[in-house]
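Asks: Supplied in structure tokens, the structure appears directly below.
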Protein chains: 2
Amino acid sequence: MKTDFTRLLAPRTESMASSAIREILKVAKRPGMTSLAGGIPAPETFPMDILEHLFSEVLDRWGPSAFQYDLTEGFVPLREAAVSYLRRYSVEASTEEIMVSSGSQGLLDAIGKILIGPGDAVAVESPTYLGALQAFNPYGPRYVEIETDEKGAIPESLEEVLKKDKPKFVYLVPTFQNPTGRTLTLERRKAIAEIIVRHGALLVEDDPYAALRYRGDTVPSIKSMAPDHVLYGTTFSKVFAPGLRVGLAVPPPGELGTWLVKAKQGTDLHTSTLSQAMAAVYLEGGYLEERLPLICAHYAPRLESMLEAMKEFFPSDWSWSRPEGGMFLWAECPEGTNIINMYEKALSRNVAFVPGRYFYADPAGGSRTMRLNFTNADPDVLRQAIRTLGELI
Amino acid sequence: MKTDFTRLLAPRTESMASSAIREILKVAKRPGMTSLAGGIPAPETFPMDILEHLFSEVLDRWGPSAFQYDLTEGFVPLREAAVSYLRRYSVEASTEEIMVSSGSQGLLDAIGKILIGPGDAVAVESPTYLGALQAFNPYGPRYVEIETDEKGAIPESLEEVLKKDKPKFVYLVPTFQNPTGRTLTLERRKAIAEIIVRHGALLVEDDPYAALRYRGDTVPSIKSMAPDHVLYGTTFSKVFAPGLRVGLAVPPPGELGTWLVKAKQGTDLHTSTLSQAMAAVYLEGGYLEERLPLICAHYAPRLESMLEAMKEFFPSDWSWSRPEGGMFLWAECPEGTNIINMYEKALSRNVAFVPGRYFYADPAGGSRTMRLNFTNADPDVLRQAIRTLGELI
């Protein structure tokens, strides 16, 4: 009998069709390629020299418990240590209010699972984080887009969307956004917090990059301005190591957190206890405080180099974001330039980037944009790559 | 404005309602309680003495790569090492055919995500593994039940279900099943493989316990009899440490595996690289081969003690399974006995177990059954607990 079991796939599975971006990232890994396409932390920033010590500490403190089944809501010592860590993001939460997720992705999946019914409106920035779309898609959302500019999401556009589409929730990456690198200004945060509260809406604030600030002043989280309306999430992927797959979430008060935990129980029971225990000793031992400046010092010259090279080699009719941190920069070309063409040509000269169109919920969006990652190459390599792109324009 | 965000919950969320069993497991953890309720491995079986060595090996071999983002399908060295490991389960698969999941639960979630559309029939044993129901429920299945007896699932019942309900897939735990401890006989495996192939059906063979055999002969997996029709899954939770959250899967040939990987990408990107690397060196270094006999030697007397005590203290009108391995034993009382009553009385005498009704897709099932776990207490403690239960009957 026929064993082509794709005939058994559920309708939702269509939404998981192979993304072109996966192919792009594959190509970007070719030997000799300078990749501005990826979005992964530089391995030099991982605290390799203290890992053995951290592991010993895990064994000493918790022994077999660090290897046993554990609570779905997360390893208690990690959640305890996260209380003071989250203050760095201006998030006030008790141990009980903090839950652990399997990376940011795990949280986004759980949010989609409990909230999105087929056809439900979900409001996202235009452009937005691709991984969030991939997490939400299987649950059948209808995306409504919030307009953005160099200051991030536009409050008036958000309000219009809330009135017109009554989305289940609003999803924002307010700080050093992926893909644009843009940070929502303080004024806009206040305006957005006010709008969210006034409409009784739920905001998902995804905040993986806030600790990676290389200059300028910290901007408080929207969670700090509307704690009852914001489901806040962050991750250890950029400040410790992404392979651990550990994220943190602070849901608004009420039952939502309980439902997230129930959803997570069905999805993976709980996040790797060992990973969580490693993150716990990393926080508790003050290693994060010690390492974070080193991580920032590693990335800062890369961002500077890219920004300088763009100024030097990109024509003046292009525009680009000027992030103060994070991992990405966003460039937009004048009308008439074909980014896909340029992408092909760049590949032939061994430079890879991601055309911006993949970061739009609307498939027609972003045809004149590109995302450039600056965390994975030395400053002079970045300069050379930008020079190549400039020559191609 | 109102912040009771439970008004935003998707219809599917109802299916995740707090299970009574979670409460039971909480009660079972009370100090002084002898718990036959849980299902967790004994921490004494974790290889604590070699963990530091394993971790050093991970650092030596892979350095930062063991802490970096990795492939969704799994860490290649683990999948390579799994090729020979899976032969222990009579599963033949190449590195490329093996994928890693975030524990068995992660695989069950991915299966539900790609296959179950609302109202789709899914065939399960009666009784079946509760965690599978929890993984599948959010995707809206309609369960159809396969009858079982002391030899496991009944082939004739399976065939009837396939004809009548055309389920998306059949879910079985053929070896030392949770909750019954029963093992599908060789003859039945052959019959079921033949039926599955003849109907062109898809079988999910969940196999977490097969390595925990304390006596009797190994029975080959159904996967070995119908490789093109079986999606096979196992886990390191019972042979290494459950807190790592690492499972293995071998989908049938064709596109199904690719879809599982796509679903997993949206759910958690990938399983903890560190956890996978630890499992890889555990396999490669031959530690599993060394440890497994010790784990079995630890549990075997516990099973023997429970079986002997049941023979001594349980009335002859009760029946119970006589597993040759695994973690559970299943008991059934004659008509007229109220298990819930007995459960309450047992608690007051500091013995906890799980009433069997929670393991049925049909909420009316199993009212005269109970699941007894024997891995988490010493033989004499188990004997005492069974004696107490016997007195209560």
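The values are calculated or read from the model by the stated rules, or taken from the named source; none is laboratory data. Predicted model, so just to flag it, every value in this text is computed and none were measured. Cβ atoms come from the backbone with ideal geometry, glycine included; neighbour counts cover every protein chain shown.
Asks: Within the range B:264-292, track down each residue that is in contact with a Ser or Thr (Cβ under 7 Å, 6 or more places away or on another chain) and part of a loop (DSSP other than H, G, I, E, B).
Replies: Going residue by residue through the range B:264-292, those that are in contact with a Ser or Thr (Cβ under 7 Å, 6 or more places away or on another chain) are B:264-265, B:267-272, B:274-275.
If the condition is that a residue be in contact with a Ser or Thr (Cβ under 7 Å, 6 or more places away or on another chain) and part of a loop (DSSP other than H, G, I, E, B), then B:L269, B:H270, B:T271, B:S272 are the ones that fit.
Listed here are the residues, each with its yes/no results for (1) outside any loop (DSSP other than H, G, I, E, B); (2) among the aromatic types (F, W, Y); (3) within 13 Å of chain A (Cβ to nearest Cβ).
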residue	(1), (2), (3)
B:W259	yes, yes, yes
B:K262	yes, no, yes
B:L294	yes, no, no
B:P315	no, no, no
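Asks: Taking B:E332 as meeting all but one of (1) under 28 Å from B:A211 (Cα atoms); (2) free of Cβ contacts under 8 Å to residues at least 60 places away in the same chain; (3) surrounded by fewer than 20 Cβ atoms within 10 Å (Cβ to Cβ); (4) touching an Asp or Glu at 6+ places or on another chain (Cβ under 9 Å), write down the number of the exception.
Replies: For B:E332, the failing item is (4).
Asks: State the number of residues belonging to the range A:1-17 that are more than 7 Å from chain B (Cβ to nearest Cβ) and at pLDDT below 85.
Replies: Residues meeting the conditions: 3.
Asks: Within the set of pairs 6 or more residues apart or between chains, which connect a residue that is closer than 20 Å to B:L59 by Cβ and modelled with pLDDT of 95 or more inside the range B:278-294 to a residue that is among the basic types (K, R) and surrounded by 17 or more Cβ atoms within 10 Å (Cβ to Cβ) with Cβ atoms less than 9 Å apart?
Replies: Every condition considered, the pairs that remain are B:A280/B:R79; B:Y282/B:R291.
Asks: I'm checking my understanding of the structure. Among residues of the range B:225-257 that are facing chain A (nearest Cβ under 7 Å), touching a residue at least 40 places away in the same chain (Cβ under 8 Å) and farther than 19 Å from B:P208 by Cβ, which one is nearest to the chain's Cα centre (by Cα)?
Replies: Among those residues, the one meeting the criterion is B:P252.
Asks: Listed residues B:G106, B:G112, B:G140; which is surrounded by fewer than 24 Cβ atoms within 10 Å (Cβ to Cβ) and within 14 Å of another protein chain (Cβ to nearest Cβ)? Break it down into steps so the answer makes sense when it comes.
Replies: On the way: B:G106 fails: surrounded by fewer than 24 Cβ atoms within 10 Å (Cβ to Cβ); B:G112 fails: surrounded by fewer than 24 Cβ atoms within 10 Å (Cβ to Cβ).
Checking each option against the conditions leaves just B:G140.
Asks: Follow-up question, since we're still on this one. Every residue in the range A:203-216 that is closer than 23 Å to A:L283 by Cα and either surrounded by fewer than 23 Cβ atoms within 10 Å (Cβ to Cβ) or touching a residue at least 60 places away in the same chain (Cβ under 8 Å) (or both), please.
Replies: Scanning the range A:203-216 gives A:D206, A:D207, A:P208, A:Y209, A:A210, A:A211, A:L212, A:R213, A:Y214.
Asks: Residues that are in contact with a His (Cβ under 9 Å, 6 or more places away or on another chain): list the strands (runs of 3 or more DSSP E) wholly contained in the range B:99-197 that include at least 1 such residues.
Replies: Counting at least 1 such residues, we get B:99-101.
Asks: Another question, if that's okay. Can you spot a residue in the range B:232-246 that is at pLDDT 95 or above, closer than 22 Å to B:A193 by Cβ and among the polar types (S, T, N, Q)?
Replies: yes
Asks: Here's something else I'd like to know. Only one of (1) closer than 30 Å to A:E14 by Cβ; (2) more than 8 Å from chain A (Cβ to nearest Cβ); (3) among the aliphatic types (A, V, I, L, M) is not met by B:V197, so which one is it?
Replies: The number of the failed condition is (2).
Asks: Turning to a different aspect of this structure: Across the range A:29-75, which residue is surrounded by the most Cβ atoms within 10 Å (Cβ to Cβ) among those that are in contact (Cβ under 8 Å) with a residue 12 or more places away in the chain, among the hydroxyl-bearing types (S, T, Y) and within 11 Å of chain B (Cβ to nearest Cβ)?
Replies: Among those that are in contact (Cβ under 8 Å) with a residue 12 or more places away in the chain, among the hydroxyl-bearing types (S, T, Y) and within 11 Å of chain B (Cβ to nearest Cβ), it is A:T45.
Asks: Next up: Out of everything in the range A:214-257 that is among the hydrophobic types (A, V, I, L, M, F, W, C) and assigned to a helix (DSSP H, G or I), what residue ends up being nearest to B:T72 (Cα to Cα)?
Replies: Top of the filtered list is A:L244.
One line per residue, one yes/no per condition, for (1) surrounded by 22 or more Cβ atoms within 10 Å (Cβ to Cβ); (2) not polar (S, T, N, Q):
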{"site": "A:T273", "(1), (2)": "yes, no"}
{"site": "A:A279", "(1), (2)": "yes, yes"}
{"site": "A:A297", "(1), (2)": "no, yes"}
{"site": "A:L307", "(1), (2)": "no, yes"}
